[in-house]
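Here's the structure we're looking at; comments come further down.
Any read-out appearing in this document is the output of simple, stated calculations on the displayed coordinates, not a laboratory observation. Everything quoted here is computed from the prediction, not taken from an experiment.
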Amino acid sequence: MFYGVLTPNGIDAVAEAGIEVRPYMFYPNPAQDQLRLQYSPDVQPKQIELYDLQGRLVRSQGSAFESFDMGQLPTGTYTMRVIMDDGQVFTDKVVKE
């Protein structure tokens, strides 16, 4: 596995056991109203999905991938799935304050 750090020139990856490279970063986490996403220049997102702890899809977004509106969601922990155009799927935990 690799640990990836998103830089202006792309991802700077360094080897580290047990950590998967993400071609994006998201912030702030925890979020209040907006979760911002920044992608490596060589990838294109297709869909962003947010699930509650019971596994229910609570939000899905297929455009405007730079931010994700969390303002109307209840406080809690969510699972975010980022689906890329090449079929890769990444999963992260996101906290809504």
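Overview of values
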item	result
Net lengthening on full extension, N29/D52 (0.36 nm per residue, minus Cα-Cα)	6.7 nm
M70 long-range amide H proximity, modeled H, under 5 Å	Q34, L35
